[in-house]
Amino acid sequence: MSGRVERSALSERDVRKSLAYSVVDGSFWALMVGVGETYLPAFAILMDATPLELALLAALPILVGSATQLVGKSIAPRLGGRKPFVVASATLHALSWALVFAVYFLPVHRVAALIGAVIVYWIFGAIHSPAWASWMGDLVPEKRRGSYFGFRNRVLQTTLFVGLVGGGLILRGHEAAGDRAAGFATVFALALLFRLGSSFCLAQQAEPEPHASREKQRGWKHFFLALASRRAGTVTVYLASTNLGVAIATPFFAAYLLEDLRLGYGELMVVLGAAALGKFVFSPVWGRYSDRFGARKVLVLTGILTPVIPLLWLLGSSLPYLVAIQLFSGFAMGGLELCGFTLLLDSIPRRRRERLLAYYGVLNGAGTFTGAMAGAALAWNSEDLSILRALSDASRYFLAFLVSGLVRFLVAALFLPRLRDVRVVDEIRYRDLLLKVVTIRPTHGAAQRPELYEPSRGPGPEPRR
């Protein structure tokens with residue numbers, strides 16, 4: 001027995017229970033990311049990683065992991081469905097943390113081995129992503145995706161912040177005691193346990209019967225042709241291109257803080273935690289307004305704001321300034337990530353969702369890898385650019401941050417005007433939407449619960465095709 005049933009046959013209790021477990025699953029996953037994954041660059045820096053190695057650590061695992069999503073698409077049916085595949089992959093994802101820390105004991109080539117271990121970590125973390133997204137797309141009612149994922153993201157950002165702070169305090173304590181390696185052993189062990197908790201919660205969720213597809217299975221040629229002519233294609237290219245721009249700078253942010261600004265692990269925790277706090281406060285707000293005014297409206301607004309983030313890193317180095325910039329980053333990136341995912345789900349027909357999400361994952365991984373390699377080249381060669389070094393207070397990462405912002409501006413100018421909403425939504429001016437978001441009370445919605453299921457209501461407006 002696979003345990004799968006038609007979406008319409010799921011009771012209200014089944015849906016609520018599954019989506020509640022999904023929030024808890026996400027919370028354990030976020031704790032893992034906060035306490036473990038966030039500090040992987042710091043672990044590499046402890047082993048004297050170069051800018052190129054930092055770029056490879058940030059991008060190569062994502063590239064390889066995303067490529068495995070195409071394989072995962074064919075594995076899920078052989079294991080009895082999306083649920084058993086996701087649960088098994090998440091369990092192996094948890095166990096890979098033991099491999100990550102084991103590289104510290106190697107006598108040579110430790111950073112190269114770390115990159116290899118993180119590739120294994122990303123393979124098991126990414127191979128099931130399309131299956132999970134398809135599963136959640138079938139579980140969450142279409143008209144409540146913005147509010148549900150906004151609420152879920154807020155809970156995730158809260159637990160990510162808790163994990164990040166906890167990990168930072170553990171590392172800071174061991175740093176003061178003169179044993180940094182023991183600190184990383186502790187946080188990686190906790191990451192392993194948290195991901196096992198996530199796997200348990202995934203196992204408690206119901207799996208609706210996947211939509212039967214009669215469409216002929218087509219490959220990459222059809223996918224690339226579709227990118228130029230369909231709404232989903234525009235969203236896909238925009239998100240992948242944005243991630244390329246982001247990847248030019250983000251692999252080097254921890255090195256910039258630890259090496260150039262000489263912050264300690266405690267201060268690193270504060271700066272990174274500020275972004276999580278910004279997402280925590282504003283993700284549910286973006287989600288509610290996405291349901292009402294459309295994911296496109298939010299995506300365009302936040303897509304205009306996010307390119308300035310890496311440029312702002314260059315204008316100051318005090319801890320309060322960096323915290324303020326990271327709060328703004330969480331505010332803007334939270335809306336972009338949430339509504340990018342929502343608009344992508346809305347734009348992909350259900351019967352093709354899992355396959356096209358796998359292709360998107362590969363394209364996104366390729367963009368991230370390309371951006372990180374470009375950032376490494378810029379960081380490597382910036383020492384020859386004395387004028388730019390003077391402007392950046394002698395940071396070799398100045399040029400990578402600058403180009404990252406410019407690329408994001410170019411991507412926004414090219415693709416944001418072409419985005420279209422799939423659902424019928426209310427109209428609002430961008431200025432009014434921004435004012436609504438920034439003037440909301442910080443505690444408003446703190447006790448919010450998402451509307452998950454409304455059996456008494458008929459279907460809403462049909463999506464526009």
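Miscellaneous remarks
- Within region 340-385, restricting attention to residues that are at pLDDT below 80, hydrophobic (A, V, I, L, M, F, W, C) and over 21 Å from the mean Cα position of the chain (by Cα), the residue that is nearest to residue 148 (Cα to Cα) is 380.
- Counted residues, region 294-309 - those being among the hydrophobic types (A, V, I, L, M, F, W, C) and buried (at least 22 other Cβ atoms within 10 Å of the Cβ): 5
- The helices (runs of 4 or more DSSP H) found entirely in region 248-349 that carry 2 or more residues being without any contact (Cβ under 8 Å) to a residue 60 or more places away in the chain and closer than 29 Å to residue 237 by Cα are 265-293, 295-305, 319-347.
- Residue 155, sole failed condition from (1) closer than 28 Å to residue 364 by Cα; (2) surrounded by 24 or more Cβ atoms within 10 Å (Cβ to Cβ): (2)
- Tally, over region 125-144, of residues that are in a helix (DSSP H, G or I) and touching a Gly at 6+ places or on another chain (Cβ under 8 Å): 7
- Put simply, of 176, 212 the only residue that is modelled with pLDDT under 75 and of a type in the set (Gly, Ala, Ser) is 212.
- Only listed residue being among the polar types (S, T, N, Q) and either assigned to a loop (DSSP other than H, G, I, E, B) or within 22 Å of the chain's Cα centre (by Cα) (or both), chosen from 74, 66: 66
- If you check 170, 123, 119, 127 for being more than 19 Å from residue 355 (Cα to Cα), crowded, with 21+ Cβ neighbours inside 10 Å and out of contact with any strand residue (DSSP E or B) (no Cβ under 9 Å at 6 or more places or on another chain), only one passes: 170.
- Cross-chain or 6+ apart pairs with Cβ under 8 Å, region 158-181 first and closer than 14 Å to residue 42 by Cβ, then at pLDDT 90 or above and assigned to a loop (DSSP other than H, G, I, E, B): 167/36
- Checking every residue in region 76-88 against the condition of being buried (at least 20 other Cβ atoms within 10 Å of the Cβ) and among the aromatic types (Phe, Trp, Tyr) gives at least one match.
- When region 177-199 is filtered for residues that are touching a His at 6+ places or on another chain (Cβ under 7 Å) and either crowded, with 17+ Cβ neighbours inside 10 Å or among the charged types (D, E, K, R) (or both), the ones remaining, listed by number, are 180, 183, 195.
- Residues that are surrounded by fewer than 20 Cβ atoms within 10 Å (Cβ to Cβ), within 17 Å of residue 311 (Cβ to Cβ) and modelled with pLDDT under 85, drawn from region 391-436: 391, 393
The values are calculated or read from the model by the stated rules, or taken from the named source; none is laboratory data. No experiment lies behind these values; they were computed from the predicted model shown. Backbone-built Cβ (ideal geometry, glycine too); neighbour counts: all protein chains shown.
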